[in-house]
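What follows is a single structure, written as structure tokens, with notes after it.
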Amino acid sequence: MTMADRVVIMRDGAIQQIADPDTLFAKPENLFVAGFIGSPGMNFLRARIEAGKLTLFGQTFNAAVGVGAGEIIVGIRPEHLALGPGDVTFTVKPTLVESLGSEKYVYFEPGEHAYRADARDEERGKGLIARIAHAGPIREGEELVLSFNASEVHLFDAKTEKAVN
């Protein structure tokens, strides 16, 4: 990725997307590409969309896409989850905290929103992941307030797994 001008992402011999690394990361064309690019991989959650509004973690917010009502898969990159309140704020209890010096990987369970998009990714079995930079002490089992900016979510059709935003 660091040396390429264009990258071809393939799955089972079929091309999924051809793009430069920044585009693959920012605008994946489908669920496979979204989960393949990034470390740790993108978090995926089941949600419902009604009249352009998503409900996730008990909060409703604008999805900013022309998608009809129904089930959708929401993708959130671990680095887009932040400590403290934001557009969409929720409380979790970390099940695992990995300290990597300047950042921490905070694992937590998503509850009924769980979606396991790709069994090959071993990290998916640990729940969702927040990648928090320059955080103070974070302890397993103690409540933690996280948030994300609604404009940073990725939306995928639950049936076709293609990006819809």
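Descending by average beta-carbon neighbour count within 10 Å, the peptides 29-36, 54-61, 96-103 line up as 29-36, 54-61, 96-103, the highest first. Residue separation of A51 and T95 scaled by 0.36 nm, minus their Cα-Cα distance, works out to 12.4 nm of gained length. For A14 and E79, the FRET efficiency from 1/(1 + (r/R0)^6), where r spans their Cβ atoms and R0 equals 25 Å, is about 0.30.
If you take Cα extents along the principal axes in Å from the coordinates, which of (i) 100, 38, 28; (ii) 44, 41, 25; (iii) 50, 40, 38 do you get? The listed entry that was calculated here is (ii). The stretch between S151 and R6 holds 49.6 nm of extra length on full extension. This uses 0.36 nm per residue minus the Cα-Cα distance.
As a footprinting exposure proxy, order H154, H134 by other Cβ within 10 Å, with the fewest listed first.
Ranking H154, H134 by Cβ neighbours within 10 Å, fewest first, gives H134, H154.
For K53, the lysines whose Cα comes closer than 24 Å to its Cα, not counting residues fewer than 8 places off in the same chain, are K27, K159, K162.
Quick note: the coordinates plus some simple rules give every number you see, no bench work behind them. Everything numeric in this text was worked out from a predicted model, so none of it was measured. No Cβ is skipped: glycine too gets one built from the backbone with ideal geometry, and neighbour counts run over all protein chains shown.
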